[in-house]
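K.L.:
This is the structure, below, for whatever I ask next.
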Amino acid sequence: MQNLIDNFFSYTITGLTIGAVYALVALGYTLVYGVLRLINFAHSEVFMYGTFGALWVVMLLGGKPGGSVGQVIFWVVMMFVAAMAMSGLIAVILERVAYRPLRKRNAPPLIALISAIGASFVLAELMGLRSRVAGWVGLDDTLREYVRNSRNNAGLPSIISPQPIFSVGGYNVTNVDLIVIIGAIAIMVVLDQFVKRSRLGRGIRAVAMDPEAAALMGVNRDRVIQVTFLVGGVMAGAAAVFYMLKIGITRYDAGFILGVKAFTAAVLGGIGNLRGALLGGFILGLAENYGSAVVGSQWKDVVAFVLLVLILLVRPTGLLGESLGKARA
Amino acid sequence: MPESTEPNRPDTSAESTAQTTPEATAEPTAAAAADDATTRPAVTPTTDATAPLADPADEVTEINPDVDITPDDIGVPEVAEGERLLEVDDVTLRFGGVVALNEVSFHINKGEILGLIGPNGAGKTTCFNVMTGVYQPTSGGIRYLGKPLGKRKKFQITKLGIARTFQNIRLFANMTALENVLVGVDAHHSTGIGAAMFRLPKHRREEAQGYARAMELLTFMGLDGKADELARNLPYGDQRRLEIARALATSPQLLCLDEPAAGFNPAEKAKLMELIRTIRDQGYTVLLIEHDMKLVMGVTDRIVVLEFGRKIAEGSPAEIRDNPAVIAAYLGVDEEDAS
Amino acid sequence: MSTSTGTAASTKQRRLGFKERVNNLPRAVKILLWVVFAVFLFMLPLLNIPFITTEGSDFGGVLFTVATYVLVALGLNIVVGYAGLLDLGYVGFYAIGAYTVGVLSAEHAKLSWVVVVPIAIVVAMVSGVVLGAPTLRVRGDYLAIVTLGFGEIVRLTLVNSEWLGASRGISDIPKPPGVELFEVPSIDWSSGAPVVDLDTTSTFLKFGITDFVPYYWLALGVIALVLLFDILVKSSRVGRAWEATREDEDAAELMGVPTFRFKLLAFALGAAIGGLSGALFATKAGFINPQSFELLLSILFIAAVVVGGAGNRWGVIVGAIVVAYFPERFREFADFRVLVFGLALMLLAIFRPQGLLPPRRTVRAKRADARQAVLEEGEASA
């Protein structure tokens, strides 16, 4: 307890940064759940591909510590472009290959989960076997730098060296912390406006509310679903950039636990509810950091899940209730 | 949720309009208005589109009224014929700002057939839901067998002898017709894991008794030949009858039928009237929600009319037919529908 | 489209025809068939049938693993297939069963195996009730994530708790007491034809550390018991209540089914069988640590149930065999095991969404649908 009081701001800032990552990934789960009523189990891999997109583009551009301000901005922007493109692409392919064929056949929801699990394995393994994959297409020499030790950790050069910008309660808030928290909030605002105001956003809400009615009103359901996956993927891509800036290390199976946590965040806030996902992400990030300060960092994940169970017992539909469209029976 | 709140009821589809119009025009005004509002709900909304639609060529299944289906003794106090079985006592139910039921009071006598009618959204199904424990009334309460139902759970109320059917058929789609009825009989059984595992005499006795009663009910409904068909594969009319059989299987003191004639043609409706009378004659009390005025007038002993969550009339079918408030209520709906 | 449905339906009719033919056989023949089948299963690890037998890893051990998966799948099928509750944290109960055995027979006490296994079952069952009582009231999808969290909490507790051996785990778990009744010879195929090899034998029932065949026999016996239990309970009021709850919880409740109580019962029974499987696993391995209980295992368990056809006990047995055996058999492609497994799951979901052996209800529903389709086509062409 004394530890938490002494280092309260340190835990708060860390909690907010990791919470921002959870929140952005949670958006993907919540969007897909709202529209399709299914747990997109493979969304964690979408995120993981984003981390590699961000990593590879920095390697490609020769990013290294100590670049000029202009260079650093360029690298970070390119990280966003690459990670968002990568994650968005994977998410859309995932929908095409793993979900759409099932939808056409009216498969039961449990089967969609199996397909999602299968897709998750395939995606993670393709990344874990990327040296072999490169070998199959004859690019192993060209891509040597990118595919070697494909089952091991891959680290991002610290292109931004953490510099304290200001200090709160004895804790130095770094530039990286600020980029992550402010960047994440900015992206969330953009998404919120997109879903509220754009035509596609309205389509998403319409399908979430009542798929059949939306179809009758001329909403192209397949297209809306595709856009939903794309948007979820892009958000995961952004999360991947923040994750790489803050943590800096990724691996072919880096998505799994983070995915479970992000889904927990989505449920915590009320699945299907965009703002709920954001709130859930931040609360989860903070709670597990505060919790680990009190009971020890090795219990961090336990704290997260116990919190989830407790909240569901008190509020069975999550903190903000479930509504991308409306609550269902 | 949608099944229980009337405002969510599916609107009249082209199909049902086409089906009911010719017959409706030949009827008195009030009946015609009510009939127009009759809808044909989706066959089994809980399953997918694979459930077969009612085929007009299907012959109407004949019931066997002579089969003895009198209720089993379920250990609740006997109520004498004509005495009050259930009282709805000043029940008000609010959902947020919406008042679904407003100080509604009426009672059901043992052995009668009571009709509960009213325009769409009048609160009829909501009333069922309060009686069966789906909703707790905001104020007021239900007295059953002279005692308040209180906060009893749904399955406890069923065990006390109130059973119901659903406006949108809600059978256990992937279980057979026989199994559906058995679940109803099981309500009064107590075979647990141990008795089942060791095939104790209790299990054997209850299975034999349950099977016999279920088959009686299926035979009564004329469904004995389809006992092993999956519920979802039965024709529409049979699904409706199976729902009634499943409710009867719980040996209810009070059987609540929620629009059992929805989607039926005149021939089927006539058969249904017969069926409801036979069920009453076998010792059941029936509460009937129905839109078809001819059917309600023909089969009920008394009628309660709801409009906008309030009781506006109560009396014999003849009294209701001539009641100006009732006619106004239905004509009002008629004008709305026409616009 | 219509032709493919037609052929699918007719294949199914043929298979049901086969089933009916078997059912129509005289009772004595049926019993004989069962006995032959049982003897075959009993002898399987010693027959060394080419191609089926795994190379590189001990076939007895592989069969034991397969048998644990079958047991797990049977237990999980009660939860997922019968009662319709999606449990993604089943590995938690498996771990609880294994650790109860470890703690009570090696780490903190030296109780006998015969005492410890029933305790493990009870502990797992109680933990199922403790987890289920609060969470079974929340909706299905939430249950999935809560159970997922439970599985992870159990694993992390194992990793972090010194009392449970932390990450080094628990070793020297004693073997069950055995009786050496007779020796069973194996078959040698090295000459190209089967030859009885009297030198390589397994002893019935001696639980050693090199020969895993007796453990397989033990698991086989347990499976038979659980299967019998499953059949008896499913065909009773309890089984019907589960299915009704799965089909429509509200309607079931209004027909007098205390749904919560039955869901909890399914959950507790599933947990108990999971705990039993874990106890067997600990017995055979003799050594357990948290790495044996990764979350991935839960996912594999669910996959076994769904691949086979949730709700059909024979189907989930097939599913468990597929999930457990193929990765072992094709160890030479070890690098690609998970990849191929993932692809297989996806293909299965797309082309065989009801599982390999769907429950009877689905088969029958499909037949009826096919009939309906034929009728409609007839009308359309008329």
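K.L.:
In whole Å, what are the extents of the range A:102-156 along the principal axes defined by its C-alpha atoms, from largest to smallest?
P.N.:
Computed over the Cα atoms, the extents are 45, 24, 15 Å.
K.L.:
How much length is gained on full extension from B:Met273 to B:Asp68, taking 0.36 nm per residue of separation minus their Cα-Cα distance? Working shown, then result.
P.N.:
Details: separation 205, 0.36 × 205 = 73.80 nm, distance 1.84 nm.
Length difference between fully extended and current span is 72.0 nm.
K.L.:
Another question, if that's okay. Ranked by accessible surface with a 1.4 Å probe, highest first, in what order do A:Ser297, C:Ser171 come? Provide the component values of the computation, followed by the final result.
P.N.:
Working: A:Ser297 90, C:Ser171 60 Å².
Order by accessible area, largest first: A:Ser297, C:Ser171.
K.L.:
Also, I was wondering about something else. Restricting to the protein assembly as shown, what percent of DSSP beta bridges are antiparallel, rounded to 5? Walk me through the numbers on the way to the answer.
P.N.:
Numbers: 35 of 51 bridges.
So the antiparallel bridges in the protein assembly as shown amount to around 70 percent.
K.L.:
Then there's this: Which of the residue pairs B:Lys154/B:Lys271; B:Lys271/B:Lys311; B:Lys202/B:Lys226; C:Lys110/C:Lys175; C:Lys175/C:Lys284; A:Lys104/A:Lys196 have a Cα-Cα distance greater than 19 Å in the structure shown? It would help to have the intermediate numbers written out before the result.
P.N.:
Numbers: B:Lys154/B:Lys271 31 Å; B:Lys271/B:Lys311 30 Å; B:Lys202/B:Lys226 28 Å; C:Lys110/C:Lys175 12 Å; C:Lys175/C:Lys284 8 Å; A:Lys104/A:Lys196 29 Å.
B:Lys154/B:Lys271; B:Lys271/B:Lys311; B:Lys202/B:Lys226; A:Lys104/A:Lys196, as the Cα separations exceed 19 Å there.
K.L.:
Now for a different question. Please compute the volume of the convex hull spanned by the alpha-carbon atoms of the range B:267-308 and report it per residue in Å³. Write out the running numbers ahead of the final one.
P.N.:
Working: hull volume 3.0 nm³, N = 42.
Given the Cα convex hull of the range B:267-308, per-residue volume reads 72 Å³.
K.L.:
Considering the zone a paramagnetic label at C:Thr200 would reach in this model (a point 7 Å from Cα along the Cα-to-Cβ line), which residues of the range C:311-337 have amide N under 20 Å from it?
P.N.:
Within reach of a label on C:Thr200, which here means backbone N under 20 Å from a point 7 Å along Cα→Cβ, the range C:311-337 contributes C:328-332.
K.L.:
Would you tell me the mean number of C-beta atoms belonging to other protein chains that fall within 10 Å of each C-beta in C:227-236, as a whole number? Don't jump to the answer; show the numbers that get you there.
P.N.:
Numbers: counts 0, 1, 3, 0, 0, 6, 5, 1, 2, 12.
Neighbouring Cβ atoms belonging to other protein chains average 3 per residue here.
K.L.:
Report the normalised scattering of the range A:66-171 as log10 I(q)/I(0) at q = 0.21 Å⁻¹, calculated by the Debye formula with identical scatterers on the alpha carbons.
P.N.:
Computed log10 I(q)/I(0) values: -1.18.
K.L.:
Can you work out the FRET efficiency for the pair C:Leu347 and A:Glu212, with r the C-beta to C-beta distance and R0 = 45 Å, to the nearest 0.05? Mind showing how you got there, number by number?
P.N.:
Values: r = 30 Å, r/R0 = 0.66.
That pair, C:Leu347 with A:Glu212, gives E of 0.95.
K.L.:
Report the label-to-label distance for B:Ala80 and B:Ser105 in nanometres (one decimal), using points 7 Å from each Cα along the Cα→Cβ vector.
P.N.:
2.4 nm
K.L.:
Hey, got the dipole for chain A? About the Cα centre, +1 on K and R Cβ, -1 on D and E Cβ, debye to the nearest 20?
P.N.:
I would put it at about 900 debye.
K.L.:
Would you please give the FRET efficiency between A:Val314 and A:Gln2, computed as 1/(1 + (r/R0)^6) with r the Cβ-Cβ distance and R0 = 41 Å, to the nearest 0.05?
P.N.:
Values: r = 29 Å, r/R0 = 0.71.
E(calc), rounded to 0.05, equals 0.90.
K.L.:
Within chain C, what whole-number % of the accessible surface is contributed by carbon and sulfur, with the 1.4 Å probe and all protein chains included in the calculation? If you can, show how the numbers build up before the last one.
P.N.:
Working: 10970 of 16320 Å².
C and S fraction of accessible area: 67 percent.
K.L.:
Using a ≥ b ≥ c from the Cα gyration tensor of the range A:1-152 (square roots of the eigenvalues), is it rounded, prolate or oblate, where a/c under 1.5 gives rounded and otherwise the larger of a/b and b/c decides, a/b for prolate? Spell out each step's value before the answer.
P.N.:
Numbers: a/c = 2.07, a/b = 1.15, b/c = 1.80.
Verdict is oblate for the range A:1-152.
K.L.:
When Rg is the radius of gyration of the Cα atoms in chain A and Rh is its Kirkwood radius, what does Rg/Rh come to?
P.N.:
Details: Rg = 19.9 Å, Rh = 20.3 Å.
Here the Rg-to-Rh quotient is 0.98.
K.L.:
Using packing as a proxy for protection, rank A:148-158, A:200-210 so that the peptide with the highest average count of other Cβ atoms within 10 Å comes first. Could you put the intermediate results ahead of the total?
P.N.:
Values: A:148-158: 14.5, A:200-210: 19.9.
Going from most to least packed, we get A:200-210, A:148-158.
K.L.:
Same structure, new question: In the range A:21-42, whose amide N lies under 19 Å from the spot 7 Å out along Cα-to-Cβ of A:Ile182? List them in ranges.
P.N.:
Counting backbone N atoms under 19 Å from the label point, the list is A:21.
K.L.:
Send over the Kirkwood Rh of the protein assembly as shown, from the inverse of the averaged 1/r over different Cα pairs, rounded to one decimal Å. Kindly include the intermediate steps, with their values, before the conclusion.
P.N.:
Numbers: mean 1/r = 0.0313 Å⁻¹.
31.9 Å is the Kirkwood radius here.
K.L.:
Based on Cα coordinates alone, diagonalise the gyration tensor for the range A:241-304, multiply each eigenvalue by 5, take square roots, and list the semi-axes in whole Å, largest first. Numbers along the way, then the final one.
P.N.:
Details: eigenvalues 72, 60, 23 Å².
After scaling each eigenvalue by five and taking roots: 19, 17, 11 Å.
K.L.:
Give me the Å³ per residue figure for the convex hull around the C-alpha atoms of the range C:287-360. Can you show the working numbers first?
P.N.:
On the way: hull volume 7.6 nm³, N = 74.
It is 103 Å³ per residue.
K.L.:
Can I ask one more? Note down, for the range C:24-105, the three equivalent ellipsoid semi-axes (square root of 5 times each alpha carbon gyration tensor eigenvalue), biggest first, whole angstrom.
P.N.:
Working: eigenvalues 177, 101, 34 Å².
So the equivalent ellipsoid measures 30, 22, 13 Å along its semi-axes.
K.L.:
On to the next question. Summing +1 for each Lys or Arg and -1 for each Asp or Glu, what net charge is found among the other residues whose Cβ lies under 15 Å from the Cβ of B:Ile320?
P.N.:
Values: positive: B:Lys124, B:Lys294, B:Arg302, B:Lys311, B:Arg321; negative: B:Glu112, B:Glu290, B:Asp292, B:Asp301, B:Glu307, B:Glu314, B:Glu319, B:Asp322.
Here the count lands on -3.
K.L.:
Between the range C:198-254 and the range B:104-154, what is the C-alpha centre distance in whole Å?
P.N.:
46 Å
K.L.:
To continue, here is another question. Please give the FRET efficiency for B:Gln282 paired with B:Arg321, using the beta carbon to beta carbon distance and R0 = 25 Å, rounded to the nearest 0.05.
P.N.:
Values: r = 28 Å, r/R0 = 1.12.
E(calc), rounded to 0.05, equals 0.35.
K.L.:
Compute for the range B:90-232: radius of gyration divided by Kirkwood radius, i.e. Rg/Rh, restricted to C-alpha atoms, rounded to two decimals. Don't skip to the answer; put the middle values down first.
P.N.:
Working: Rg = 18.5 Å, Rh = 17.8 Å.
Expressed as Rg/Rh, it is 1.04.
K.L.:
Given the convex hull of the Cα atoms of the range C:161-288, what is a quarter of its surface area in nm²?
P.N.:
Numbers: hull surface 53.5 nm².
For the range C:161-288, averaging the hull's shadow over all directions gives 13.4 nm².
K.L.:
Ok, one more. Given the Cα atoms of chain C, and with Rh set as the inverse mean 1/r over their pairs in the Kirkwood sense, what is Rg to Rh to two decimals?
P.N.:
1.00
K.L.:
GNM on chain A, C-alpha springs below 10 Å: top fluctuator among A:Val234, A:Val35, A:Val21?
P.N.:
A:Val35
K.L.:
For the protein assembly as shown, with only Lys/Arg (+1) and Asp/Glu (-1) charged at the beta-carbon, what is the dipole magnitude about the Cα centre, in debye rounded to 20?
P.N.:
Numbers: 93 positive and 97 negative charges, 518 e Å.
In total the dipole reaches around 2480 debye.
K.L.:
Which one of B:Thr165, B:Ala329, B:Gly283 is farthest out on the positive end of the charge dipole of the protein assembly as shown, using unit charges on Cβ (Lys, Arg +1; Asp, Glu -1) and the Cα centre as origin?
P.N.:
B:Thr165
K.L.:
Positive end of the dipole of the range A:59-146, charges at C-beta (+1 Lys, Arg; -1 Asp, Glu), about the Cα centre: which of A:Pro109, A:Gln71, A:Tyr146 has its Cα farthest in that direction?
P.N.:
Of A:Pro109, A:Gln71, A:Tyr146, it is A:Pro109.
K.L.:
If you build a Gaussian network model of chain A, linking Cα atoms that sit under 10 Å apart, which residue out of A:Gly318, A:Gly62, A:Gly70 swings the most?
P.N.:
Maximum fluctuation in the GNM of chain A, among the listed residues, is at A:Gly70.
K.L.:
May I ask you to compute the full-extension gain from C:His108 to C:Val179, defined as 0.36 nm times their residue separation minus their alpha-carbon distance, rounded to one decimal in nm? Display every interim value, and only then the final one.
P.N.:
Numbers: separation 71, 0.36 × 71 = 25.56 nm, distance 2.66 nm.
Length difference between fully extended and current span is 22.9 nm.
The values are calculated or read from the model by the stated rules, or taken from the named source; none is laboratory data. Computed from a prediction, not measured in an experiment: that's the story for all the values here. Glycine gets a Cβ as well: all are built from the backbone with ideal geometry, and neighbour counts include every protein chain shown. Note: areas computed on protein heavy atoms with side chains; ligands, DNA, RNA excluded. Shrake-Rupley method; radii C 1.70, N 1.55, O 1.52, S 1.80 Å.
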